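Everything below concerns the one structure shown next.
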Amino acid sequence: ALSNYIDRLLRILELQLQIDIKTSSWNDYLFKNVIITGRSGSGKKTVVGECCQRLWNKHLVYYKFVDCLSFKGRKLDNVVISILQIIDEVVFRQPSILILDHFDDLFPNETTITDANIILATQKLSLSVRELFNRAQQIHKQFIIIPIVKQITSVHRQFTEETPLFCSQILTIEPLNAVKLKLKK
């Protein structure tokens, strides 16, 4: 059942990376990022990992997996510097994909937070990282960011509502048992 998600994501990423496609006038306007959503245990990482491995085998697309939980509790500036270093490493090996697991834990939606200081810090971090992403993707056309989240409403609005849009696609991975129930009906 996950193979359908893998095939769909693979088609999206190949188009976004412009693999085997002649460059055209619209390629600069293509939004590159894909947000992957789904409950715990739904296979989000499996789908993304398999897709990236196929891209590596077929087109030598470099990918790096980063768990955003590793940034929790660190100072704001240190997180931004770490993300900048990761981006520098990934774009050096283009075409490339940066996968950010637990993205919603690092950049939570403000409505889920009650502490004013945390809200302010989250806004500042979200804005700084969004600017880093935008700058990197303006220069490096074959660089995609894939945030993995539980649900789209749990992500900071900087990545879901602000313009220019951060992503072109939101792919929701349903747990296998939910897929089986739909097939039986």
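Restricting the first residue to segment 47-58 and requiring it to be under 12 Å from I36 (Cα atoms), which pairs with a second residue that is acidic (D, E) and surrounded by fewer than 23 Cβ atoms within 10 Å (Cβ to Cβ) meet a Cβ separation below 9 Å and a spacing of at least six or different chains? Qualifying pairs under 9 Å: V48/D101. Filtered by the rule that a residue be under 25 Å from Q94 (Cβ atoms) and hydroxyl-bearing (S, T, Y), segment 127-174 gives S128, S168. The single condition from (1) modelled with pLDDT of 90 or more; (2) aromatic (F, W, Y); (3) within 15 Å of P147 (Cβ to Cβ) that F107 fails is (1). Report yes if I144 is more than 21 Å from E50 (Cα to Cα), touching a residue at least 60 places away in the same chain (Cβ under 8 Å) and aliphatic (A, V, I, L, M), otherwise no. For I144, the condition - more than 21 Å from E50 (Cα to Cα), touching a residue at least 60 places away in the same chain (Cβ under 8 Å) and aliphatic (A, V, I, L, M) - is not met.
Here G38 clears all of (1) free of Cβ contacts under 8 Å to residues at least 24 places away in the same chain; (2) on the phi > 0 side of the Ramachandran plot; (3) touching a strand residue (DSSP E or B) at 6+ places or on another chain (Cβ under 7 Å) except the condition numbered (1). State whether the residues of segment 110-130 include one that is in contact with a helix residue (DSSP H, G or I) (Cβ under 7 Å, 6 or more places away or on another chain) and of a type in the set (D, E). Yes, that holds for at least one residue. Checking each residue in segment 169-185 for being under 17 Å from T37 (Cβ atoms), out of contact with any Ser or Thr (no Cβ under 8 Å at 6 or more places or on another chain) and either assigned to a loop (DSSP other than H, G, I, E, B) or modelled with pLDDT of 80 or more (or both) picks out only Q169. Just name the residue that is modelled with the highest pLDDT out of those in segment 3-33 that are of a type in the set (V, I, T) and surrounded by fewer than 13 Cβ atoms within 10 Å (Cβ to Cβ). So the residue we want is T23.
The values are calculated or read from the model by the stated rules, or taken from the named source; none is laboratory data. These figures come from a predicted structure and were not determined experimentally. Every residue, glycine as well, gets a Cβ built from its backbone with ideal geometry; the counts of neighbours run over all protein chains shown.
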